[in-house]
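Below is one structure, written out as structure tokens; comments come after it.
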Amino acid sequence: MNIFRSRISAVMALCFAATACVFQLGCGQSEQATSESFSRVASSVAKNAANPKPGAVGGQESILFDAMMGSAVDLDININPEAGRQAIPIQGRPTDPSAVSENKGRPVVARATFELMPGEELWVIAKGSNPATPASEETPPGCGALMAKLPDSKKEVPVPLKHTAVVGNIDGYIATVDVTQQFQNPYNSKIEAVYVFPLPDNAAVSEFVMTVGERKIRGIIREREEAARIYNDARKQGHVASLLTQERPNIFTQKVANIEPGKKIDINIRYFNTLQYDDGAYEFVFPMVVGPRYNPPATTDGIGAVGRGNQGVSGQSTEVQYLTPGERSGHDVSLSLNINAGVNIESVRSVNHDVAVKDVTETERSVTLSASDSIPNKDFVLRYQVAGDKIKTAMMTHKDDHGQYFTMMLYPPADLKKVQRSPMEMVFVLDCSGSMNGRPIDQARAAISHAVQSLTPRDTFQIINFSSTASQLGAAPVIATPQNIQKGLTYLNSLNGQGGTEMIEGLKAALDFPHDEGRFRLVSFMTDGYIGSDHDMLNALSDKLGDSRIFSFGVGQSPNRFLMDRMALIGRGAVAYLSLNDDPVEIMNRFNERISHPAMTDLSIDWGNMNVTDVYPQILPDLIVGRPVVITGRFTGEPSSITVGGRQGMQPTSFAVAVDAADASKEHKGIASVWARLKIMDLMTQFSRTPDQAAELQQTVTQTALEYSLMSTFTAFVAVDSMSKTEGEFGTTVAVPVNVPEGVKYETTVEN
Amino acid sequence: MNTNEPTNSQSGSRCLRIPLCWALLIAFDVSLMALTYAQEGNTGTADPPVQSVQTEIPGPDDVAADVRRFEAIDVFVDSGNQRLAAWQLEVKSTANDVQIVGIEGGEHPAFAEPPYYDKRAMNNNRVIIAAFSTGDNLPSGRSRVARIHVQVRGSGARTWLSELTTSATTDGSRIPAEISIAKTDR
């Protein structure tokens, strides 16, 4: 066995990723103090800053000083000597900073003088007990933070995640992405950092490296429970360790244990994924924040959305903590992308972020995220238009020790556009939950409004809205006459976002009524997909779909793309995304173009001389105009041309797919990982639908994930540095709080 | 059956009737090939025999049987006066109560990156790792090429087996080298 082959690219990519990392110094933990005595304190309000729990070490006493005109505030801070060494992070403008005096065994006084302007606030937060012996593992540590709120700025919250560096390389439609999370302890005691973050739902996470100082330790893929046990052992024994688990296909939890004050730990994750191609443009997406999920009552395995410091409030097994609108963290993101499209690139557009684009060659671009747009509160979406007439369906192959793999993007035949569609029964389902309140629902309404007005009297339509319950325009779909359309628009404009996200209610309302046999039923979901019960929703969709087709529209800056993509896949339709920066008319025109022509249905493939197995997706979807389908599988024998057959309306049709000869000599390491990831996703769909086969399916998923070193629901990466042993058992657990996605209202989505 | 056709035995006996000069020529060629093979062995293109080394790694005697502790094992390759550009090795414990929990790179900059492991060969107590360097700055002599972090349950020493399956120079020539492992001093 020889595993040297194909290491050059991997090593080079690692080096590239390493050089791309930007290590940020400074932790907001400057130990400063001041002298001088009080001159004046305008007013003071005592309150708890972090919702301390009784007996919890993280309980903090806070004092807020509001300033009057030209106030100077001098503080004497008594420090509990039993609490160990106290750090006093000072942010703002201390007029007389000096080092904090320390005197072990005796009370210590730190003094600070501040000048505050009207409207400014000075917070003094003191920790109440020994940080090294937390009563609760989930309580934030005392940070002794001393912060001044500046005019026109948000209150900065110290967080243990300083920076995320993303470096992507795209070859054709396969992306290799290195994500480096730079953790740093801004507190004065040891911590465990917990960060719940998103990745693309088709990301095949295959590498994990922890960097401690100058030393890099490659993580090992293990069965999830085993990895967690190893991590917990290491954590309790004081070793620096990290654990990466998957909560949903697009939601992951990173834990890093025993980060000492001021110390940095980097985590590098590498994944492969395929890009979507849509009407002549490829789309690269890097999600930056998990949107606040709604969980149905009585569920505990969802994704909770809670305010910062409110761990456990949601009752869910996984929680994301959110910053209030008045807070910000120092966590930022850098992103660079190298695109090698293989064909000429006509244009590049970043949907949500400012970017700099450099033309390398006609087929290559270098894209860099602007430093001024580095707050991780919206998905990075880059669409690049390629020369359409040169795009052809072609097969890429890869061979390694596991065997041979192929992937191909099947493009619909051009003559599909010549055939007109049959009458439609259009059902628009609008998410009117609290997370859609404001700009997202405005966008969705505008999109539906345009789509409704594009219907003809041959069609019927229905508008359904759901939040905590579902309601609809009428008892049954109505003919799309001008009068009915006007009635529909009036109804649409009356809808607003509030309440829960009982999406299944919307699904039932959309599919639980008799099918009009004379029309083709098409259901369009307009939602951010912020639910914690993704699989329940997908199972319900599978059960109720019938002959309907689902077109899902992910609304907003950071929709639940896993749910949207899977709904469209199961529903044999297509997915589209409607960012707040998109033109809803343009998006819906593209939708109308797709549904204006029949799809190529009943696909079948003659594999020629190739012996093909394990093809994913296992049920071939329809080929819709403007929307190709990626198919991946394994094979033996020599790659050869294949023939794709199907029907256009009632007429049989077929087209040939050639092996990309120019590509044959290239190496596509990612294909094997992408294939294994698709296999796992397919097995997980079966897992959630066939409980009687759960044990067997779990074993197959685990085996596949271990064999290909991939993240899955049942596997996890763990890395332990046995060389570093910190003092004490383990530190306090600190969640990395994040912003709610841009456009989403904290008040209507986050539990406190 | 055509009786004029030679049988197999006839054909075989005919092969034996080779002129003496041809036989000498063949013998010379065989000798030349043997010599070339031997020289290649000296210059490194032949595969050196794979050596398996057994090493006892000491452990504390005063811990309970169910206590799990973490330690690290350094893996060294000694390539003598040759510059080591690539290597592949296998390390495994004979005990089942050992878990590999991380793989770190070596001491020389050429092998500082954590090596890749063979996913399929990875087991709780067994790993195959490999690395190569395309740079000019390469180690010679004895150099730590990797560090394996492990979790061990219970007390006492553990026996480890290590095999260096490949060691090569920048041009891909195999070179003789020795593998050794030792417990890492904290």
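The values are calculated or read from the model by the stated rules, or taken from the named source; none is laboratory data. Worth saying up front: this structure is predicted, and the values here are computed from it rather than measured. Note that each Cβ is placed from the backbone with ideal geometry, even for glycine, and that neighbours are counted across all protein chains shown.
Here are the numbers for the structure shown:
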read-out: Selection within region B:102-114 - under 15 Å from residue A:219 (Cα atoms) and touching a residue at least 40 places away in the same chain (Cβ under 8 Å); value: B:102, B:103, B:104, B:105
read-out: Given (1) farther than 19 Å from residue A:523 by Cβ; (2) out of contact with any helix residue (DSSP H, G or I) (no Cβ under 9 Å at 6 or more places or on another chain); (3) surrounded by fewer than 21 Cβ atoms within 10 Å (Cβ to Cβ), number of the condition residue A:458 does not satisfy; value: (1)
read-out: Residue B:165 surrounded by fewer than 22 Cβ atoms within 10 Å (Cβ to Cβ), at the interface with chain A (Cβ under 10 Å from one of its Cβ atoms) and β-branched (Val, Ile, Thr); value: yes
read-out: Region A:195-227, subset within 20 Å of residue A:266 (Cα to Cα) and either basic (Lys, Arg) or out of contact with any strand residue (DSSP E or B) (no Cβ under 9 Å at 6 or more places or on another chain) (or both), residue farthest from the other protein chains (Cβ to nearest Cβ); value: A:214
read-out: Filter result for the condition that a residue is surrounded by fewer than 23 Cβ atoms within 10 Å (Cβ to Cβ) and part of a helix (DSSP H, G or I), over A:496, A:484; value: A:484
read-out: Extreme residue, farthest from the other protein chains (Cβ to nearest Cβ), among residues of region B:115-142 that are surrounded by 19 or more Cβ atoms within 10 Å (Cβ to Cβ) and in contact (Cβ under 8 Å) with a residue 40 or more places away in the chain; value: B:139
read-out: Residue that is of a type outside the set (D, E, K, R), crowded, with 23+ Cβ neighbours inside 10 Å and in contact with a Phe, Trp or Tyr (Cβ under 8 Å, 6 or more places away or on another chain), where the choices are A:671, A:680; value: A:671
read-out: Region A:715-747, subset more than 14 Å from every other protein chain (Cβ to nearest Cβ) and either closer than 20 Å to residue B:118 by Cα or not in a loop (DSSP other than H, G, I, E, B) (or both), residue farthest from the chain's Cα centre (by Cα); value: A:732
read-out: Of residues in region A:699-714 being over 30 Å from residue A:555 (Cβ atoms) and away from chain B (no Cβ under 14 Å), the one surrounded by the fewest Cβ atoms within 10 Å (Cβ to Cβ); value: A:699
read-out: Verdict on residue A:193 being of a type in the set (Gly, Ala, Ser), touching a Leu at 6+ places or on another chain (Cβ under 9 Å) and under 30 Å from residue A:232 (Cα atoms); value: yes
read-out: Matching option when the condition is closer than 30 Å to residue A:450 by Cβ, touching a helix residue (DSSP H, G or I) at 6+ places or on another chain (Cβ under 9 Å) and outside any helix (DSSP H, G or I), among A:614, A:582; value: A:582
read-out: Strands (runs of 3 or more DSSP E) (entirely within region A:329-408) containing at least 3 residues that are at pLDDT 90 or above; value: A:332-340, A:345-350, A:355-359, A:364-369, A:380-386
read-out: Members of region A:474-506 that are more than 30 Å from the chain's Cα centre (by Cα), touching a residue at least 12 places away in the same chain (Cβ under 8 Å) and farther than 15 Å from residue A:441 by Cα; value: A:474, A:476, A:477, A:478, A:479, A:480, A:481, A:484, A:485, A:487, A:488
read-out: Matching residues, region A:510-528, being in a loop (DSSP other than H, G, I, E, B) and touching a residue at least 60 places away in the same chain (Cβ under 8 Å); value: A:515, A:516, A:518, A:519, A:528
read-out: Condition check for residue A:274: crowded, with 22+ Cβ neighbours inside 10 Å and in contact (Cβ under 8 Å) with a residue 12 or more places away in the chain; value: yes
read-out: Answer residue from region B:93-114, given it is within 11 Å of another protein chain (Cβ to nearest Cβ) and in a strand (DSSP E or B) and is surrounded by the most Cβ atoms within 10 Å (Cβ to Cβ) among those; value: B:102
read-out: Unmet requirement for residue B:149, which otherwise passes all of (1) more than 7 Å from chain A (Cβ to nearest Cβ); (2) within 21 Å of residue B:95 (Cα to Cα); (3) in contact with a strand residue (DSSP E or B) (Cβ under 7 Å, 6 or more places away or on another chain); value: (1)
read-out: The one condition in (1) within 11 Å of chain A (Cβ to nearest Cβ); (2) within 23 Å of residue A:223 (Cβ to Cβ); (3) charged (D, E, K, R); (4) assigned to a loop (DSSP other than H, G, I, E, B) that residue B:90 fails to fulfil; value: (4)
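Rundown of residues vs (1) among the acidic types (Asp, Glu); (2) touching a residue at least 40 places away in the same chain (Cβ under 8 Å); (3) surrounded by 18 or more Cβ atoms within 10 Å (Cβ to Cβ), yes/no style:
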| position | (1), (2), (3) |
| --- | --- |
| A:298 | no, no, no |
| A:305 | no, yes, yes |
| A:313 | no, yes, no |
| A:326 | no, yes, no |
| A:331 | no, yes, yes |
| A:340 | no, yes, no |
| A:343 | no, yes, no |
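Per-residue answers, yes or no, for (1) surrounded by 21 or more Cβ atoms within 10 Å (Cβ to Cβ); (2) of a type in the set (Ser, Thr, Tyr); (3) assigned to a strand (DSSP E or B):
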position	(1), (2), (3)
A:536	no, no, no
A:541	yes, no, no
A:564	yes, no, no
A:608	no, no, no
A:631	yes, no, yes
